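Notes follow once the structure below has been shown.
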Amino acid sequence: MHRYYPLLYRLFTYKVVLFYSIIMFGLGALVSQAVRGSYDENVPVTTVEPAEVAPEVPIAYPALDDVSEQMLAGQVEKATTASIALSEPETDALTKETVTMPEDEVERHAWLTRLRDSQQAQEYDVDMTIRRGDTVGDMLQKIGVGAQDVHEVSVAVNKVYSLRQLRAGQRIVASLKEDAGDTLKLSGLRIDLPEKYIEAKRTEDGAFNVASEEKQLTEQLVRAEGTIQSSLLGLASSLGIPHNIMAQVISAYSFDVDFQRDIHDGSKFELLYKIAYDHEGREVGAGEVQYASLDVAGHAIKIFQYKTLDGRGDFYREDGRSVRKALMKTPINGAVLSSRYGPRRHPILGYNRMHKGVDFAAPTGTPIFAAGDGRIDFIGRKGGYGKYLRIRHNGKYSTAYAHLSRYAKGMKNGTRVRQGQVVAYVGTTGASTGPHLHYEILVNGTQVNPLAVKVASGKKLSGDELVAFKQKQTELYQTFASLPVKKQLAKR
């Protein structure tokens, strides 16, 4: 029997330890509940259905070199903070205090309760910044606004401005007023957009009246230049050039430049563009590119923004020729050239076969642009091409787009399209090993190398138009030379 004593001793020890652990866990739970109760006491928790979602819409850029979607889209801080401006009753002097709203939901309700209890103010202006994935309903719910108020203000504002268009980084200001029963009533909502304010105010009858107010903006010219060390976008990022400005640059150069092959380390880049500021001195958006110069194959290609006498603006080369050509070389956003025109070993069939187009690797759903003006003459499935679309541009040229995931809304046989219009989206249908665009240019019905084909240039200025353009060109050169340089070498 004595040989079982060690075993019995161990079992007794384990039972004691288990019993002690259960006792301590119970005491800990009671303490936690007591502490939590001190925060949650008499705090109502309201569940609100969110208002319309403000979805993130990717910016559509023409094909780039080494594109990083995160760089194009920008980074948005996940944490949300809010500033509260507290106003005393009208009989007293106006006082303001800035506080930070907690992120945790439980702490937020307790914080709002303590804030109301500690202030004599009857009205609150809550200044918040939209973060990725937020809705107006979410944000109003966080500060204690009821479901009915959220619904009413959303319906009213949507008649003037779609809340779906709100983007991360934009600001809204909610005006709250203490109502009967010490509850919060939404008395107004102000949306801060780049070029205007949208303001909803509650009227005496309880409805919301919505109006818009244009901002007084001022424009400033900015000069940037640098040397490419890894990619054009890498340089642009290091110089702080806005994304939509680079979209204009790349769109203008996409008629002449293959960003996969033509851009090399050491290439020089110059840019003159406009930035808009509001009356508070905040940057609210980028305007138009005025001038750019990019070294390609040893010589500088210079483009100038010019508005013709009939009011149409476009980019022109130094000699007055429009940068636009009949067809674009790279009709896709953020792609990498993955397969060239010519004979190759087919990745699925396993034998050598002529590859009669070029492939651009890109994520599924990447927008595809019409390479030129024309009319759709085939749309649908086509054997190994999968989902396929062909555009006839004139009696000589056609372009084809294959392995698509889907077509853009409104696309069908006979539809007229404009150059740069989204016609479809990248996929991997048909004989495909992964998501990419197979792009073909057909001359008189025969596929040719899209990267080597010579297409007609756009219009050329002449007469009074050319004289006016040359004068504008001189002015832009002088302006560029007079501004301080925003210069920084791109890092690898």
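Ranking TYR197, TYR306, TYR273 by Cβ neighbours within 10 Å, fewest first, what do you get?
Lowest to highest Cβ neighbour count: TYR197, TYR306, TYR273.
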Relative to a virtual label point 7 Å from the Cα of LEU483 in the Cα→beta-carbon direction, which members of the stretch 276-302 show backbone nitrogen distances below 14 Å? 276-277, 286-293
I need the calculated FRET efficiency for the pair GLN229 and GLU178, taking r as the beta carbon distance and R₀ as 35 Å, to the nearest 0.05. 0.05
Roughly how many Å is it from the Cα centre of the stretch 144-194 to that of the stretch 438-466, as a whole number? 51 Å
Spelling it out for ALA326: with amide H atoms placed in the peptide plane at 1.01 Å from N, the residues 5 or more places away or on another chain with amide H under 5 Å from its amide H are ALA456
If you keep only loop residues by DSSP, which GluC sites (Glu not before Pro) in the stretch 248-294 have at most 16 other Cβ atoms within 10 Å of their Cβ? GLU280
The alpha-carbon pair-distance distribution computed for the stretch 336-448, with 10 angstrom bins and whole-percent values, is 15, 49, 31, 5
Label LYS460 and HIS243 with points 7 Å out from Cα along Cα→Cβ: what is the distance between them in nm? 3.9 nm
How do 414-425, 395-406 rank on mean C-beta neighbours within 10 Å, highest first? 395-406, 414-425
Modelling each spin label as a point 7 Å along the Cα-to-Cβ direction, I'd like the ASN158/SER212 distance in nm, to one decimal. 1.8 nm
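Read-outs throughout are calculated quantities, based only on the coordinates presented, and are distinct from any laboratory measurement. The structure presented is a predicted model; accordingly, all values stated were derived computationally and were not measured. Note that we place each Cβ from the backbone using ideal geometry, even for glycine, and neighbour counts take in every protein chain shown.
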